[in-house]
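J.: Below you will find the structure I want to go over with you.
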Amino acid sequence: MSEQTPAPNLPTRCGIVAVLGAPNAGKSTLVNRMAGAKVTIVSPKPQTTRMRIRAVVMQGPTQVVLTDTPGIFTPRRRLDRAMVAAAWGGAQDADLALLIVDAKAGLTDPVRRIVGGLAKAARSPWLVLNKTDTIPAEKLLPLIAELNAILPFTETYMVSAAKGDGVQALLDAVAATMPPGPWLFPDDDLSDLPERMMAAEAVREQILRQTHEEVPHHATVETESWVDKPDGSVRVECTIYVGRAGQKAIVIGDGGARIKEIGTRARAELEALLERRVHLFLNVKERAGWDEEKARIRALGLEDLG
């Protein structure tokens, strides 16, 4: 990672901000909104984010590195444990933690557990109520009071990540708290996500959006091949792993219709992100218990906890 030189007489500031919350609180939507570009995949399904993804946001001489973390939930599989550990690790490594709470869902048991964990870790995060446009305004202050009774928050912001309401004020306040120091990334970087991982995530997003039942959370994608072509295009081969034969059939669809649509939409997304032509080839494999395999978990950029 290289450091950049700011304009004369403007000292640089830089900090890492962990974005935490329960599944489906809108963390990824908020990170993308603050970054001003799509950095992390988004879907209506919980547990969409599986790894820590960093988005680089420039605010004048200040670089804010937003870390989108997996939603914190009660883990059952080896994969779940790695995801939750990544989320808590993101909070520990950060200069500032933002707890994102779905205002409409309110103070749920998962939110209580997260707030309790933050209190035990002696963290003093900021509270960000998201989706505030979906509930009456008079319900917000009681919710803020309930949350602060468990853990006093340093600051509280109310936003709608989907609409952008309140997001710039939050970003300005976050940037103002960043400590002096050199930038961690070039100022034209959007994310630290490698291109191969970006391709896998683009495909997985379409699986999340286009399949239902048990498939979305029992599928993973790995980029097997990445070949830059002389004409400037890139040939990408990805393998989709699912747990059972029935899930494989759902992903492929009748006559291969669904896998074709997944590929078409993922390719369009990648071409927009990479600004180059992409030749995308997908393969689907049944691999029972992949979410308990160390190699598969490491391929997601997660630390295997056993």
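J.: Going by amide H atoms built from the backbone, whose H comes under 5 Å of the H on Gly243, apart from near neighbours?
T.: Amide H neighbours of Gly243, under 5 Å, 5+ apart: Arg287.
J.: To make sure I understand, if each residue's beta carbon is the centre and we count other beta carbons within 10 Å, what order do Trp226, Trp126 fall in, fewest to most?
T.: The fewest-first ordering by Cβ neighbours comes to Trp226, Trp126.
J.: Please report Lys163, Lys38 as a ranked list, fewest other C-beta atoms within 10 angstrom at the top and most at the bottom.
T.: Lys163, Lys38
J.: Further question: Can you give me the long-range amide H partners of Thr62? Hydrogens built in the peptide plane at 1.01 Å from N, cutoff under 5 Å, separation of 5 or more residues or another chain.
T.: Arg13
J.: Further, regarding this structure: Arranged by the count of other C-beta atoms within 10 angstrom, fewest first, what order do Ile114, Ile207, Ile250, Ile100 take?
T.: The most exposed by this proxy come first: Ile250, Ile207, Ile114, Ile100.
J.: Please list, in order along region 95-102, the HN-Hα scalar couplings obtained from phi with the Karplus expression 6.51 cos²θ - 1.76 cosθ + 1.60 (θ = phi - 60°), rounded to whole Hz, x for Gly and Pro.
T.: Working through the residues one at a time gives 7, 8, 10, 10, 8, 8, 10, 5 Hz.
J.: Need one number: the % of Cα-Cα pairs in region 195-299 sitting beyond the 21 Å mark.
T.: 31
J.: Assuming 0.36 nm per residue, please report the length gained on full extension of the stretch Arg235 to Ala37 beyond their Cα-Cα distance.
T.: Net length gain for the segment: 68.9 nm.
J.: Over the Cα atoms, compute the radius of gyration (one decimal) and Dmax (the largest Cα-Cα distance, rounded to a whole number) for region 167-253, in Å.
T.: 18.8, 54
J.: Follow-up. Which links in Lys27/Lys248; Lys104/Lys163; Lys260/Lys294; Lys120/Lys294 stretch past 23 Å when you go from one Cα to the other?
T.: Violating the 23 Å limit, Cα to Cα: Lys27/Lys248; Lys260/Lys294; Lys120/Lys294.
J.: If you don't mind, there's one more thing I want to ask. In whole Hz, with x marking every Gly and Pro, tabulate ³J(HN,Hα) for region 128-134 from phi via Karplus 6.51 cos²θ - 1.76 cosθ + 1.60, θ = phi - 60°.
T.: Calculated HN-Hα couplings, in order: 10, 7, 9, 6, 5, 6, 9 Hz.
Computed from the coordinates by the stated procedures, all read-outs in this text should not be read as laboratory data. None of these values were measured; they are calculated from a predicted model. As a convention, Cβ positions derive from the backbone with ideal geometry for all residues, glycine included, and neighbour counts pool all protein chains shown.
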